[in-house]
Amino acid sequence: MTERETTRLIAWSRELRQVHERLRAALALTRNALTDGAPGQAATRDLMLYCRGFCSALDGHHRGEDRTLFPAIAAAHPDLVSVLRSPKQDHSMIAHLLRSLRVATERAAPLAELDRHIEGIAAVMENLFRYEERQLLTVLETLDLDAETGESLGPL
């Protein structure tokens, strides 16, 4: 294996970590839009702006994993199929939570309700990221996947 090939393989592990860090930062910005904003309509508008970016990025990341990355891992490591079930379930749960946050934001729900939505997303997201990082980073360091980063990890 050439140095370039080795570097590319290890890059998947680094890319996943970097995507997770960017999504954590985007969630922090979204939370700050809620807590730092003025009460009422202004806070809801700010949250709507940050939520659209964050929600789209997180959803795109999960779609990329489900469509490209996880099937590649399962093909290369059939013994990990059961390990991949939990992240797929969490992706579905997060998609539901993101839809609920969007609906609450669009109807200008009270700040306390919006905060509960964000808190729920944060809890499931962090649990999911830690699980993926514990279970999959080593696998990603040896995964021979010929795909664009955006296709596999989302458009970040």
HN-Hα J in Hz across the stretch 52-64 - Karplus 6.51, -1.76, 1.60, θ = phi - 60°, x for Gly and Pro: 4, x, 5, 4, 5, 5, 5, 5, x, 4, 5, 4, x
Structure-based [θ]222 nm, the chain - -39500 (n - 2.57) summed over DSSP H runs of at least 4, per residue, nearest 500: -28000 deg cm²/dmol
Taking Cα pairs closer than 8 Å and at least 6 residues apart, the relative contact order of the chain in percent is 42
Integer Hz, Karplus 6.51/-1.76/1.60 couplings in order for the stretch 67-76, x for Gly and Pro: 7, 10, 5, 5, x, 5, 5, 4, 5, 7
With θ taken as phi - 60° and the coefficients 6.51, -1.76 and 1.60, list the Karplus ³J(HN,Hα) couplings across the stretch 23-33 in order, rounded to whole Hz; mark glycine and proline as x. 5, 4, 5, 5, 5, 4, 5, 5, 4, 5, 4
Could you work out how much longer the chain between residue 93 and residue 130 gets when fully extended? Use 0.36 nm per residue separation minus the Cα distance between them, nm to one decimal. 11.7 nm
Filter the trypsin sites (Lys or Arg not before Pro) in the stretch 35-144 to those in DSSP coil with at most 13 other Cβ atoms within 10 Å of their Cβ, and list the result. 107
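Beyond 23 Å, what share of the Cα-Cα pairs of the chain remains, rounded to the nearest whole percent?
Percentage above 23 Å: 39.
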Taking the Cβ-Cβ separation of residue 32 and residue 75 as r and a Förster radius of 35 Å, what is the calculated FRET efficiency to the nearest 0.05? 0.30
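Readers should treat all values here as calculations from the given coordinates under stated rules, not as data from a laboratory. The shown structure was predicted, so the numbers you read here are calculated from the model rather than taken from an experiment. Counting neighbours? That spans all protein chains shown, and the Cβs are built from the backbone with ideal geometry, glycine included.
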